[in-house]
Amino acid sequence: MRRRVVARRPPWSTYIAGVLPAIVIAVVQPALAGQGLPVEPRDRAPRAVIRVRETASAQGKEILLKDLAEITAGNRSLLQALEALSVGQAPPPGLTRTFDPALIVIKLRQYKIDPAGIRIESPQRVVVAGAHRVIGRDRLFETAKTAVLRGREEDLTQITVRPDTLPPDLVLPPGEVELRARPRLVSSCPEPCRRVELGSIPVVVEAWVDGRLYRTVSLVVRVSLMREVVVANYPLPSHAVVKATDVRLERRDIGPLSHEPLQDPTLAVGRRTTRMLAMGDIVLSDAVELPPLIRKGDVVTLMVETPGLLLTAKGIAQEGGKAGQVVRVKNTASGREVLGKVESEKTVRVGL
């Protein structure tokens, strides 16, 4: 008698365990693909791996994938294509912008690179900065100073240059930088006789990057010419005769002066001031004068000299005068006015 064999079905738990992974894969893969990121099969090594950094620096006008990420690939051609892939416009030098990593897959497809088999590891937000270099305001000043002093290096012991107004630091893109400065001189003297301008001088500084003009800035420098000059020790009223104790020598900036300053105290001593001088004032050439030897109304001696004959007469000065100056004198004997040159105190020589 034959025994009937009945096949036993596997339990439901075994059936579900075998079917569930297939269902999960079928659901998860389309979901990830919908986010724009390729999904790698577990049994296949990726063709390339792109590890995006949270912060990056763009070296040119465009953001290249190699600026954003560390890229590895088994195929050299694929590696070079990925590194050179442009994924967006770079921010200006020194500024930043936010980059969406999801754009990487879009750019791969746009440039005919199949994203299948390329694994992308990325944070949710990437900050990209424009590569730059900073030219400090001190370097800008030194460039301007060199331009102002060009051709007068022998006067550097007497000339000082200091900044008056300076621009902020200059932000430039990467590259070979050359600074060129052009002083705005007011002198009309041609180049062979050019002298150093004094006082405040505007200077234009041009920043050239890789042979192209990138930025122009303006600054002002103050040029001072230092000399030993005569200075008043005390306040001196107008028409005061200067004594040796009234003045001294002191090193001062003569750039802003309107007249030539005296550099020898003996040129001031014995003269009288033409205007009031405050303590510490620089004594200019027009601030002192020879005192008059004759004043208006003074009784003077008129001298007339001819070969072998000297005549004298009394007269009254009709105006004051210094040595060598021609004044009018009235002859007291004749009542006539004559012209004569002041020769000494109370003496006027009259010519025939």
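Please treat every number below as a calculation from the coordinates, not as lab data. Owing to the predicted nature of the structure, the values given are computational and were not obtained by experimental measurement. Every residue, glycine among them, receives a Cβ derived from its backbone with ideal geometry; neighbour counts consider all protein chains shown.
Quick one: Cα centre-to-centre distance for region 286-352 and region 95-161, in angstrom?
Taking the Cα centre of each part, region 286-352 and region 95-161 sit 82 Å apart.
Assign one of three labels to region 299-350, namely rounded, prolate or oblate, based on the Cα gyration tensor with a ≥ b ≥ c the square roots of its eigenvalues; rounded applies when a/c is under 1.5, prolate when it is not and a/b is larger than b/c, and oblate otherwise.
Judged from the Cα gyration tensor, region 299-350 comes out oblate (a/c at least 1.5, b/c at or above a/b).
Checking the a/c ratio against 1.5 first, then a/b against b/c, what shape does the Cα gyration tensor give for region 280-320?
Note, shape of region 280-320 comes out oblate.
Under a 5 Å amide H to amide H cut-off, with H placed in plane at 1.01 Å, what residues pair with Val283 once short-range neighbours are removed?
Result for Val283 returns Val230, Val231, Ala232, Leu262.
Would you order Ser86, Ser122 from fewest to most other beta-carbon atoms within 10 Å of each residue's own beta-carbon?
Ser86, Ser122
From the backbone phi of region 310-319, what are the Karplus-calculated ³J(HN,Hα) couplings (6.51 cos²θ - 1.76 cosθ + 1.60, θ = phi - 60°) in whole Hz, Gly and Pro given as x?
Values, residue by residue: 10, 10, 10, 7, 8, x, 10, 5, 8, 6 Hz.
Fewest Cβ neighbours within 10 Å first, please rank Lys341, Lys112 accordingly.
By the 10 Å Cβ count, ascending: Lys112, Lys341.
Classify region 238-305 as rounded, prolate or oblate from the Cα gyration tensor: take a ≥ b ≥ c as the square roots of its eigenvalues, call it rounded if a/c is under 1.5, otherwise prolate when a/b beats b/c and oblate if not.
Prolate, since a/c reaches 1.5 and a/b exceeds b/c.
Can you tell me which lysines have their Cα less than 18 Å from the Cα of Lys322? Leave out same-chain residues fewer than eight positions away.
Straight-line reach from Lys322, under 18 Å: Lys296, Lys330, Lys341, Lys346.
Can you put Leu65, Leu309 in order of Cβ neighbours within 10 angstrom, beginning with the fewest?
Leu309, Leu65
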